[in-house]
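Participant: Right, I'll just put the structure down here and ask away after.
The values are calculated or read from the model by the stated rules, or taken from the named source; none is laboratory data. Keep in mind that what you see is a predicted model, and the values were worked out from it rather than measured. Every residue, glycine among them, receives a Cβ derived from its backbone with ideal geometry; neighbour counts consider all protein chains shown.
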Amino acid sequence: MKYTPAALLAIASLAARRAGEHVIANLDRRDETDSLSRHDVKHRLDVESQEVATATILAACPDYPILGEETCDTPLPDAPAQWVIDPIDGTVNFFHGLPWWCSSVAIQANGRSLAGAVYAPQLGLLFEASIDTPALCNGIPITVSHIADPSLALIHTGADKSDVSGRSFKFMRAIGAIAQRMRITGAAALDICMVAAGNAEAYFEPGIYLWDIAAARLILERAGGKCEILRSYENYRMAVLTTNAVIHDRIKEELDPLFDHP
Ligand code: IPD
């Protein structure tokens, strides 16, 4: 590859920042949705900020295709690497005016993230990492927590948006039983960055998408954490467990058997 990890990270960070800044510049358009459903919102600014991120990436690196949440139905050509964009992770939060959302950009090769950035403009947080640079939050190195006892753990989770049958609740019940406290904050990339920064011990979700986690998982891994895809489904969907690493096996032990229960 002709780009260094540091160069790829600079592009990812710029694209995530520009996507987030486009949203911030248009906060008065918070109610401009393309569709609203019981578990999801398709927002006009999601589409526009993906276009902003795409233009930023293509200006600096036209060599690789781009998988974006808003264009995920378009098949990508075979290529040695691909960019992955989630223009607004936490769209439902954003729609309601909750500042807990972010723009996420990563580049992956062979399923592995090489560089990634997660920008939460209303929280003033920029998380970044590449395969040969440390995980940073606003330029300062971050590391995972050392809590090894699940009963002292803060565990973030979420309800899979395609989960109309409430399947997510059996996992939530189990997390509630093992954790010190469970949190459902509504933006997976930020949940994972919280684990990376040592502000939570784990994040689990039974149905999440590649663009939600592509950047954040690298940030977590570079901060000393562990990310494991517990199940893979079609259309870029998966069940994921991310932890501070020391607590990983204990939480997996509790959650993994539940996939096989109705
Ligand atoms: C969603 C958020 C949410 C998670 C959903 C995701 P989106 O992403 O990350 O926290 O529970 O599963 O789909 O749709 O806001 O990009």
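Participant: Given the condition at pLDDT 95 or above and under 21 Å from ILE85 (Cβ atoms), answer yes or no: does some residue in segment 137-150 qualify? Reasoning before the result, please.
Facilitator: Applying the first criterion (at pLDDT 95 or above) to segment 137-150 yields 137-150.
Next cut, under 21 Å from ILE85 (Cβ atoms) only: 137.
Yes, segment 137-150 contains a residue that is at pLDDT 95 or above and under 21 Å from ILE85 (Cβ atoms).
Participant: If LEU255 meets every condition in (1) touching a residue at least 24 places away in the same chain (Cβ under 8 Å); (2) within 16 Å of the ligand (Cβ to nearest atom); (3) within 17 Å of the chain's Cα centre (by Cα) apart from one, which number is that one?
Facilitator: (3) is the only condition that LEU255 fails.
Participant: Moving on to the next point. Say we look at segment 55-70 and pick out the residues that are under 19 Å from the mean Cα position of the chain (by Cα) and farther than 17 Å from ALA10 by Cα; which of these is nearest to the ligand (Cβ to nearest atom)?
Facilitator: Within segment 55-70, the subset under 19 Å from the mean Cα position of the chain (by Cα) is 57, 66-70.
Cutting the leftovers down to farther than 17 Å from ALA10 by Cα gives us 67-70.
Numbers: LEU67: 13, GLY68: 11, GLU69: 6, GLU70: 10 Å.
The qualifying residue nearest to the ligand (Cβ to nearest atom) is GLU69.
Participant: Moving to a separate point now. Against the condition more than 13 Å from the ligand (Cβ to nearest atom) and either in contact (Cβ under 8 Å) with a residue 60 or more places away in the chain or in the same structural domain as ALA106 (by TED's automatic domain parsing) (or both), how does GLY224 come out, does it pass?
Facilitator: Working: more than 13 Å from the ligand (Cβ to nearest atom): yes; either in contact (Cβ under 8 Å) with a residue 60 or more places away in the chain or in the same structural domain as ALA106 (by TED's automatic domain parsing) (or both): yes.
Answer is yes for this residue.
Participant: Which one is farthest from the ligand (Cβ to nearest atom), of the residues in segment 200-218 that are farther than 15 Å from ASN235 by Cα and assigned to a helix (DSSP H, G or I)?
Facilitator: At the first step, the residues of segment 200-218 found to be farther than 15 Å from ASN235 by Cα are 200-205, 215-218.
Okay, now just the ones that are also assigned to a helix (DSSP H, G or I), so 215-218.
On the way: ALA215: 12, ALA216: 10, ARG217: 13, LEU218: 17 Å.
Top of the filtered list is LEU218.
Participant: Tell me yes or no: at least one residue of segment 144-159 is more than 9 Å from the ligand (Cβ to nearest atom), of a type in the set (A, V, I, L, M, F, W, C) and farther than 15 Å from THR243 by Cβ.
Facilitator: Taking every residue of segment 144-159 in turn, none turns out to be more than 9 Å from the ligand (Cβ to nearest atom), of a type in the set (A, V, I, L, M, F, W, C) and farther than 15 Å from THR243 by Cβ.
Participant: Quick one: in segment 1-48, of everything that is hydrophobic (A, V, I, L, M, F, W, C) and in contact with a helix residue (DSSP H, G or I) (Cβ under 6 Å, 6 or more places away or on another chain), which residue is nearest to SER113 (Cα to Cα)? Steps first, please.
Facilitator: To start, the set of residues in segment 1-48 that are hydrophobic (A, V, I, L, M, F, W, C) comprises 1, 6-12, 14-16, 19, 23-25, 27, 36, 41, 45, 47.
Keeping just the survivors that are in contact with a helix residue (DSSP H, G or I) (Cβ under 6 Å, 6 or more places away or on another chain) gives 11, 14-15, 19, 23, 41, 45, 47.
Values: ILE11: 14, LEU14: 17, ALA15: 16, ALA19: 20, VAL23: 25, VAL41: 27, LEU45: 26, VAL47: 23 Å.
By that ranking, first place goes to ILE11.
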